[in-house]
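Asker: My questions all concern the structure below.
The values are calculated or read from the model by the stated rules, or taken from the named source; none is laboratory data. These numbers come from a predicted model, not from an experiment. Every residue, glycine among them, receives a Cβ derived from its backbone with ideal geometry; neighbour counts consider all protein chains shown. Just the protein is used for accessible areas: all its heavy atoms, side chains included, with ligands, DNA and RNA removed. Shrake-Rupley method; radii C 1.70, N 1.55, O 1.52, S 1.80 Å.
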Amino acid sequence: KCPGRLADYASAYVHRRIPGGPGKLTLLCDANTDGSFLVHHFLSFYLKANCKVCFVALIQSFSHYNIVGQKLGVSLTVARECGQLVFLEGLKSSVDVFFRAQAEPHPLQFLREANAENLQPLYEFVREALKPVDDGEAAWRCPVLLVDDLSVLLSLGMGAVAVLDFIHYCRATVCWERKGNIVALVHDSGDTEDEENNILLNGLSHQSHLILRAEGLATGFCRDVHGQLRILWRTPSQPTTQRDQSLTYQYKIQDKSVSFFAKGMSPAVL
Amino acid sequence: MAAVATCGTGAGSTGSVVAAGSKNHVTSFQRRGPRASGSDSSYSRLVSIAGTRPSVRNGQLLVSTGLPALDQLLGGGLAVGTVLLIEEDKYNIYSSLLFKYFLAEGIINGHTLLVASAKEDPADILQELPAPLLDDNFKKDFDEEACNHKTAESNIKMKIAWRYQLLPKMEAGPVSSSRFGHYYDASKKMPQELIEASKWHGFFFPEKSSSTLNIEPCSLTHGYIKLLQFIQNIIYEEGFDGSNPQKKQKNILRIGIQNLGSPLWGDDICCTENGNSHSLTKFLYVLRGLLRTSLSACMITMPTHLIQNKAIISRVTNLSDTVVGLESFIGSERETNPLYKDYHGLIHIRQIPRLNNLIYDVSDVKDLAFKLKRKLFTIERRVE
């Protein structure tokens, strides 16, 4: 059996010190299944690890993440109030920005535009959210940018290249300049011929240090095994003297946790 | 009319009793959970809205889709603040019936309706709604205000036997004493006085298309922009978003949008593969934003079988909360196949949302078929 908590296991790698190492980009990906449990885990992990988190939450409401977060042991409300968490609630903000012209640039202002070229306002929002605090004492550990999810930006009119540029700029600021980490979810659209999404997914896969890929089982729905998780460690900036390592586990999502087991070793089977 | 009025108030009063009783049933986390938007104000106040009940799974407020069989498959009903997408069957026969059940349920519960269509005048759609079924068994339920243990037994008429056996006895507990979900007689029309007593807003695109926009064009088609403005206006004016402290809205807004994505809305995704690929998805995103911040629930029917670009269908699915596909046997080879002779089509539960939860209540039976009998629309596990 794999050590129970995925977020600890995978994130232990992410925090392993590499001499002069920049921060890491972790790509979360789901194919034929819902990978949002990974987002919830990383959110709670980084908050518990005392990191400053900027969460670009485009898919669900604040209360949804908060309620799940409480099951995993964190309170987003408290984190937000004390400044540890900067939360961009996409659904709610989209209504504000769509129906009312904003005086100042809004991170989601591309929603109002016919041909928005880039995600610069969103990048500025992230940079502002994770900028170093000036009071000398670092209140929080490394900054983290979490995005749920990047695929929806394509549905909102941005091209894959614009989204890749956005991540590139964020990496420059968050990973290199501030030695922080980025975790982002992208859907794998499989054989639905979503060209833009494939470009985005492939582009990010090449840049990522760690890829966690949740897949639905090939054999279809199963009550005891919800899917399969592939973990792939990569070293994008180094020549491939080391082979990329990967591990595969099957998982079952429960009310307050996710349990992992080696293939075929589900407790239901044994 | 009197029977329905009794039912309505009955639902209201037993609803508030339920709030006290069900505190013991539901885990406490969702009462502590801070709620950001106006729609998530105090738990006990919400439970007393007619025609709603809290989900056993996650405390989410649910409304009935108008088809109790479908409610069961969706984990109890449609969550307030979410979108139910129905992928239309080929000739839009059964999806249009589901649409009518949804609206009829709104009228019976006293919910406010918002009906949007590019094909039919909403006033005409309302005239076509099915009448609530009031034969002997059901009439008894309407008349009794006390907790009704017979509700579960009367449901045996609906052939989803396998599902009831597996579920915990949620139907027999105090939560079900307020009437949730009604049956409709598709062969009769909703009584005129009920329609007239109901509160509804209609959006008929051909009538609205000429007026001017006050939002800059932003890659949404004209029709979608106007519809969003209309919906947002109703939500704001009638206080469904809780923004106006003067208008304490204690009712649900049921939004029904018909044939979204069809060329009648001005969208070309059903005509060509290289159509406007962002208009519909952007619309859905902003719509969901409006729903999440108000006391409303929305059913959309969409002719996905006509959409040329498959990538759009998968994006639309990701942007919807619940997705149900209907496949009718009319005109297909299955019509004459003896395996399917008892049924009119298949129903596919493509997606169920995980709201406020890591898990969801997903059924393990994927083979579901439906049939429209003279009075009832039933859903059954397909027997091989």
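Asker: Out of the residues in segment B:294-309 that are more than 24 Å from residue A:96 (Cβ to Cβ) and aliphatic (A, V, I, L, M), state the one that is surrounded by the fewest Cβ atoms within 10 Å (Cβ to Cβ).
Answerer: Ranking the candidates gives B:306 first.
Asker: From the list A:113, A:124, exactly one residue is open to solvent by 20 Å² or more (accessible area, probe 1.4 Å), acidic (Asp, Glu) and closer than 23 Å to residue A:176 by Cα. Which is it?
Answerer: On inspection, the qualifying residue turns out to be A:124.
Asker: What tally of residues in segment B:86-97 results from selecting those that are surrounded by 24 or more Cβ atoms within 10 Å (Cβ to Cβ), at pLDDT below 95 and hydrophobic (A, V, I, L, M, F, W, C)?
Answerer: Total meeting the criteria: 0.
Asker: Being in a helix (DSSP H, G or I), within 14 Å of another protein chain (Cβ to nearest Cβ) and either surrounded by fewer than 21 Cβ atoms within 10 Å (Cβ to Cβ) or more than 22 Å from the chain's Cα centre (by Cα) (or both), is that true of even one residue in segment B:237-247?
Answerer: Yes, the conditions are met somewhere in segment B:237-247.
Asker: Then there's this: Go through segment B:264-293 and give me each residue that's open to solvent by 40 Å² or more (accessible area, probe 1.4 Å) and closer than 22 Å to residue A:194 by Cα.
Answerer: Residues satisfying the conditions are B:268, B:271, B:272, B:273, B:274, B:276, B:278.
Asker: Of the residues A:151, A:94, A:155, only one is closer than 19 Å to residue A:203 by Cβ, without any contact (Cβ under 8 Å) to a residue 40 or more places away in the chain and at the interface with chain B (Cβ under 8 Å from one of its Cβ atoms); which?
Answerer: That would be A:155, the only listed residue that is closer than 19 Å to residue A:203 by Cβ, without any contact (Cβ under 8 Å) to a residue 40 or more places away in the chain and at the interface with chain B (Cβ under 8 Å from one of its Cβ atoms).
Residue by residue, here is whether (1) of a type in the set (Lys, Arg); (2) within 30 Å of residue B:359 (Cα to Cα); (3) more than 17 Å from the chain's Cα centre (by Cα) holds:
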| site | (1), (2), (3) |
| --- | --- |
| B:61 | no, yes, no |
| B:85 | no, yes, no |
| B:121 | no, no, yes |
| B:124 | no, no, yes |
| B:129 | no, no, no |
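Asker: Okay, moving on. Being assigned to a loop (DSSP other than H, G, I, E, B), crowded, with 18+ Cβ neighbours inside 10 Å and either among the hydroxyl-bearing types (Ser, Thr, Tyr) or at pLDDT 90 or above (or both): is that true of residue A:106 here?
Answerer: yes
Asker: Which number in (1) within 15 Å of residue A:39 (Cα to Cα); (2) more than 8 Å from every other protein chain (Cβ to nearest Cβ) marks the one condition that residue A:105 misses?
Answerer: (1)
Asker: Consider segment A:61-91. How many of its residues are of a type in the set (A, V, I, L, M), in contact (Cβ under 8 Å) with a residue 40 or more places away in the chain and within 9 Å of chain B (Cβ to nearest Cβ)?
Answerer: Adding up the residues that qualify gives 1.
Asker: Next question, about the same structure. From (1) within 14 Å of another protein chain (Cβ to nearest Cβ); (2) hydrophobic (A, V, I, L, M, F, W, C); (3) crowded, with 18+ Cβ neighbours inside 10 Å; (4) closer than 30 Å to residue B:60 by Cβ, pick out the condition that doesn't hold for residue A:53.
Answerer: (1)
Asker: Within segment A:171-206, how many residues are more than 11 Å from every other protein chain (Cβ to nearest Cβ), open to solvent by 50 Å² or more (accessible area, probe 1.4 Å) and either assigned to a helix (DSSP H, G or I) or of a type in the set (S, T, N, Q) (or both)?
Answerer: Matching residues across segment A:171-206 total 5.
Asker: Could you go through segment B:100-116 and let me know if any residue there is touching a residue at least 60 places away in the same chain (Cβ under 8 Å), open to solvent by 10 Å² or more (accessible area, probe 1.4 Å), under 26 Å from residue A:59 (Cα atoms) and in contact with a Gly (Cβ under 8 Å, 6 or more places away or on another chain).
Answerer: So far as segment B:100-116 goes, no, none of its residues is touching a residue at least 60 places away in the same chain (Cβ under 8 Å), open to solvent by 10 Å² or more (accessible area, probe 1.4 Å), under 26 Å from residue A:59 (Cα atoms) and in contact with a Gly (Cβ under 8 Å, 6 or more places away or on another chain).
Asker: Among the residues that make up segment A:129-140, is at least one of them touching a Phe, Trp or Tyr at 6+ places or on another chain (Cβ under 6 Å) and surrounded by fewer than 22 Cβ atoms within 10 Å (Cβ to Cβ)?
Answerer: So far as segment A:129-140 goes, no, none of its residues is touching a Phe, Trp or Tyr at 6+ places or on another chain (Cβ under 6 Å) and surrounded by fewer than 22 Cβ atoms within 10 Å (Cβ to Cβ).
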